[in-house]
Amino acid sequence: MNEYIGIAVSFVLAGGIAAAMVALGSTLGKKHPTSEKLAPFECGNDPFSLPMGRLAIKFYLTAILFILFDVELVFLYPWAVVYRALGSVGLVEMGVFLGVLMVGFVYAWDNGALKWQ
Amino acid sequence: MSDLALLVPELILAGMALALILAARRIQETPVAVVGTVLAAMAAALAAGWVLSWGDKTGFGGMITLDGYSQFFKVLIAATLALTALFSARSLEGDQVPRAEYHALLLLSSTGMMLAVSSHDLLPLYLGLELMTLCSYILVGIRVERPASNEAAIKYFLLGSFASAVLIYGISLTYGVTGTTDFAAIASALSKHGTGSNLLLLVAIGLVAGGLAFKIAAVPLHAWAPDAYQGASAPVAAFLAAGSKAVGLAAMGRVCLAAYGSEARFLSVVLAGLAGLSIVVGSIIALSQTDMKRLLAYSSIAHAGYALLGLVAGTGEGASATMTYAFFYVFMTLGTFGVVAALGERGEKLDGYRGLAEQRPGIALLMLLFLMSLTGIPPTAGFAAKFVVILSAVRAGYMALAVLAVACSVVSAFFYMRVAVLMYMNGPQEAAPARFPAAVFAVLAVSALVTLIGGLSPGSLARWAVSP
C-alpha cells in the first residue's frame, strides 16, 4: 500500500492547488461580464439546452444502419487476428456472415431507407 | 462441417427468411411469402426427422444436441409455423401488414425456437429464446396503424426484457457456482455439492425457472399475455400461445432434468407453485372475460399450469407427459385461434359467436370440438393430455395439486362452454361471416384431426415423446 501514498498526496496537492486558484480568482478578481465573455469558449454546441429541441426521425434510421456496419466491424477485428489459424473455413464463414448482414442492408436500401426526403 | 448438419432445420428456416427479406418489395402482393414459409416449415420438419435417423449426437463443442426430445419439439415448432402462416392471410389483408416481412419474422422466430430446444448449454438456450422473443415483439406490434397493437408491443417488450434479464442473471449465478454453462458439466458439478446446501445455487435455479416461466406465461409472470394477445392479431397471438409455450416447456424440461437434476426437490416446489397458481388464477380470471383473445390468453395461462404438472415429478416419465400435453395443446389452441382469426372482427368479441351454429354449422362444430378439447372432455386430445399430466402429479405424491387441477378443470368448463352456448343456443345478431379461405379450412382440418386422433388413441404419441 505504501507506494500508493505518494500518488494520493500528489492528488490531494494538485486538487488543493487547483481549487485554491479557482476560489481565489472568483472571489478576489474583478468581474465585467458581457454575453460574449460568458459564452463557453470554443466548445462546439451550446452545452445546455432544454429537452424540447427536435431531431429529424431520419437520423434514427441512419443510426440503425450505422449499427449494421458497426456490428460487422466488431466481428471483423477478432476474426482478422486469428485469420491464419482459421484457414479457408474461417474465410467462408465470414463471407456468409457478411452476406447475411448485406441482406439486411439491401433490404433497407430497396425499401428507400437511404432516400433523404 | 458435420456440426452444421445438426442445424439443418434451423438453416432451412433462416435461409427462407433471408430470401423473403431480399425479395420483400417484389412479392408483397403475391402469395409467394406464405407458400415459401409453409414449404420451408415442411422441409424443416422432414429434415428434423431425417437427421434423427443418425442417432443421438452433439456438436459445436457440446452446445447443440440432437436427440428425440429436440427433434420432437422441432417438428412441433415447424407445424406451428406452417399452420400460423396458413391462417394469417385474412388478418394480413385487413391491416395492410407487409407480407414478406411478417413471414420472415415468423420464420426467424421459429429458428430461435428450434435453436432453444436443441441447445445443451445455457448460452445458446438464451440466444435462441432471445431470437424468438425479439421477433415476437415486432410481430405483436406489426399492425402499426392500431394504437392497441403498439401498446401491446411496448408492454410485451418491457416485461420481456425484464424476464430476459432475470434469466441471464440466473445463468450468470449458475456459472458463478459451477464454473460452466454446459448442462452435463453443471449436473456433474452439482453432484459434488450436497443437495440444497448452496443458497446461491437455489437463487440461480429460481431465477432461471422464473425467466422460462415468463415464456410460458405462468403465474406470477403471466401479466403480459392478456394484453399482448389482445393487441396482436389472432394468428400472432396463436403463434405466441402455441410456439412460445411449447418452447418454454421444452427448455424448462431440459434444464430441470439435464442440468439441475440434483436439486429436483427444490425444483419440484418451485414448479408446483407455478403450476398451482397458474391453474387457479388462469381459470378464475377467465370467467369474467368478454374479449375472446383475452379469454384464450387466460386459458393459455391455465394450460401452462397443467403442462407444468408433468415436470413437477422431476422424472423422465413426467417430462414425456408434459411433451404430450404441449403437443396436443398446440393443435387445439391453433384450431381455436384459427376460427377466431377467420371470423375477423366478429371473432374478437364473445358476443360475436351468437348464433354461429345457425349460420355456419360446420365451423361451429369444429369450434365446439376445440373448446371441448381445451376443457378436457373425452374423447378429445385435451382429455388424454390432462389425464397423463395429472396422473404424473399423483404418482409424484402431489395429491392436493392433482385435486386442484381437476377442480379448476370443472371451473374452466364454464367459460369454454359459454362460447358453445352462445353458438348453439342464441340467435344470430350479425350477418353470416364470409366464406373461409381454403387455407384456413386446411388448418382447422389438421388441428381437428390431431385433436380427435389424440383423444381416440392417446398412446399414439408415446413412441416419440421421449424425455431428454
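Using label points projected 7 Å from each Cα along Cα→Cβ, tell me how many nm separate B:M399 and B:F387, to one decimal.
Going from the B:M399 label point to the B:F387 one covers 2.3 nm.
Based on the Cβ-Cβ distance of A:K37 and A:L98, what FRET efficiency does E = 1/(1 + (r/R0)^6) give at R0 = 60 Å, to the nearest 0.05?
Given R0 = 60 Å and the Cβ-Cβ separation, E is 0.65.
Using a 10 Å cut-off around each Cβ, can you sort B:Y137, B:Y169 from fewest to most neighbouring Cβ atoms?
The order, fewest Cβ neighbours first, is B:Y169, B:Y137.
Give the residue list of chymotrypsin sites (Phe, Trp or Tyr not before Pro) in region B:217-255 that are DSSP loop and have at most 13 other beta-carbon atoms within 10 angstrom.
none
Can you give the mean number of other chain Cβ atoms that lie within 10 Å of the Cβ atoms in peptide A:97-104?
The per-residue average across the peptide is 2.
For B:L4 and B:W50 in one chain, what is 0.36 nm times their gap in residues minus the Cα-Cα distance, to one decimal in nm?
Length gained, B:L4 through B:W50: 15.1 nm.
As an exercise, use a Förster radius of 41 Å and the Cβ-Cβ distance of A:L86 and B:V144 to find the FRET efficiency, rounded to the nearest 0.05.
0.45
Any idea what diffusion coefficient chain B gets from Stokes-Einstein, in µm²/s, Kirkwood Rh on alpha carbon pairs, 37 °C, 0.692 mPa s?
150
Can you list which of the trypsin sites (Lys or Arg not before Pro) found in region A:1-108 are DSSP loop residues with at most 11 other C-beta atoms within 10 Å?
A:K30, A:K31, A:R54
In nm, to one decimal, how far is the A:R54 label point from the B:N198 one, both placed 7 Å along Cα→Cβ?
5.7
So what is the relative contact order of chain B, in percent, for Cα pairs below 8 Å that sit 6 or more residues apart?
15
Mean shadow of region A:58-110, computed from the convex hull of its alpha carbons, in nm²?
3.7
Mind counting lysine pairs for me in chain B? Cα separation below 25 Å, and the two need to be 8 or more apart along the chain or on different chains.
16
Give me, ordered by chain and number, the residues 5 or more places off B:I64 or on other chains with an amide H under 5 Å from its own placed amide H.
It is B:G59, B:H120, by chain and number.
Quick check: from the Cα gyration tensor, does chain A come out rounded (a/c under 1.5), prolate or oblate?
Taking the square roots of the gyration eigenvalues as a ≥ b ≥ c, chain A is oblate.
Where does the longest stretch of chain B lie that holds no GluC sites (Glu not before Pro) found in a DSSP loop with 10 or fewer other Cβ atoms within 10 Å?
B:146-468
So for the protein assembly as shown, what percent of the C-alpha to C-alpha distances run longer than 37 Å?
Taking all Cα-Cα pairs of the protein assembly as shown, the fraction more than 37 Å apart is 39 percent.
Which value in nm describes the separation of the simple spin-label points at B:A185 and A:F69, placed 7 Å from the Cα toward the beta carbon?
3.8
Rank the residues B:C135, B:C256 as a footprinting-exposure proxy: fewest other Cβ atoms within 10 Å of their Cβ go first.
B:C135, B:C256
Pick from A:A39, A:A80, A:A23 the residue whose mean-square fluctuation is largest in a GNM of chain A, springs joining Cα atoms under 10 Å.
The residue that fluctuates most here is A:A23.
Count neighbours as other Cβ atoms within 10 Å of each site's Cβ, and list the chymotrypsin sites (Phe, Trp or Tyr not before Pro) in region A:21-109 that are DSSP loop with at most 10 such neighbours.
Of the chymotrypsin sites (Phe, Trp or Tyr not before Pro), the ones in loops of region A:21-109 whose Cβ has at most 10 other Cβ atoms within 10 Å are A:F41, A:F48.
None of the figures in this text is laboratory data; all of them are computed from the coordinates on show. Everything numeric in this text was worked out from a predicted model, so none of it was measured. Neighbour counts run over all protein chains shown; Cβ positions are idealised from the backbone, glycine included.
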